[in-house]
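Have a look at the structure below, then the notes.
The values are calculated or read from the model by the stated rules, or taken from the named source; none is laboratory data. Because the structure is predicted, anything quoted here is derived from the model rather than measured. No Cβ is skipped: glycine too gets one built from the backbone with ideal geometry, and neighbour counts run over all protein chains shown. Surface areas here come from the heavy atoms of the whole protein model, side chains and all, with no ligands, DNA or RNA. Shrake-Rupley method; radii C 1.70, N 1.55, O 1.52, S 1.80 Å.
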Amino acid sequence: EDLGLTTMEEMSTWMVSGESNPDPNALVQSRVILRGVPNAYALRNGWIWYSPMESYATERVEILRGPNAFLYGEADLGGANNQITKRGLFTRNVTKTKVMFGSEGFRRAELDLNRRLGSQVALRFAAVASDNDSWIRHVRRDFVGLYGAVTYRPTRDTTLNVMSEHGRTVAVLSQGMFVDNFSRAATA
């Protein structure tokens, strides 16, 4: 949050022995490389998750390196990352907004609300709208997302979480960006 990171790829640059996969044409569409090994998938709340992960619904990210990653099933040799999503908080009500502007037409707005409804129920809602172009011509990504969570604590030792998310991504990606298929050479 302090660095303004919005995707797992951006977060990976700050992981110990982690990096974002720079190859847009990789056979395995890995988002993150841990300890030199492309990660074929990520975990979200302990479950294998193939969809893109955005920071607006993220509470924290766990990095499972090397042999520790095997504890969670089909782990990659280099490790795995586990995104923990936001849950309803019983400690306090939260109203947080964030607006970001950057180079290459980057614009982003986020909302995070948490409300306690008595001592047993807490609600969490997060929303995002993000538009950004790229330094590469004709590449852009627009994302709108809504996330909701209800946390129910019937007893002191029991907590039930129900989460739902809806997102829409419109992206124009450049595959093989250094290949020229449209220019014509003039012959004399």
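Could you sort 116-126, 98-108 so that the peptide with the highest average Cβ count within 10 Å comes first and the rest follow in order?
Ranked from most to least packed, the peptides come out as 116-126, 98-108.
To the nearest 0.05, what FRET efficiency results for ASN45 and MET100 with a Förster distance of 22 Å applied to their C-beta separation? Spell out each step's value before the answer.
Details: r = 26 Å, r/R0 = 1.17.
The value I calculate is 0.30.
Take the Cβ-Cβ distance between THR159 and TRP14 as r, set R0 to 30 Å, and report the resulting FRET efficiency rounded to the nearest 0.05.
According to the calculation, E is roughly 0.50.
Apply the Karplus parameterisation 6.51 cos²θ - 1.76 cosθ + 1.60, with θ equal to phi minus 60°, to every residue of the stretch 135-142 and state each ³J(HN,Hα) to the nearest whole Hz, in sequence, with x for glycine and proline.
6, 8, 5, 6, 10, 7, 9, 10
Would you mind classifying the stretch 125-171 by shape? Square roots of the alpha carbon gyration tensor eigenvalues, ordered a ≥ b ≥ c; an a/c under 1.5 is rounded, otherwise it is prolate if a/b is larger than b/c and oblate if not.
Prolate, since a/c reaches 1.5 and a/b exceeds b/c.
Keeping every protein chain in place, order ASP142, ASP112, ASP133, ASP2 by accessible area at 1.4 Å, biggest value first, i.e. largest first.
Putting ASP142, ASP112, ASP133, ASP2 in descending order of accessible area: ASP2, ASP133, ASP142, ASP112.
Place the peptides 85-96, 143-154 in order of packing, highest mean first, counting for every residue the other Cβ atoms within 10 Å and averaging per peptide.
Per-residue mean Cβ counts within 10 Å order the peptides as 143-154, 85-96.
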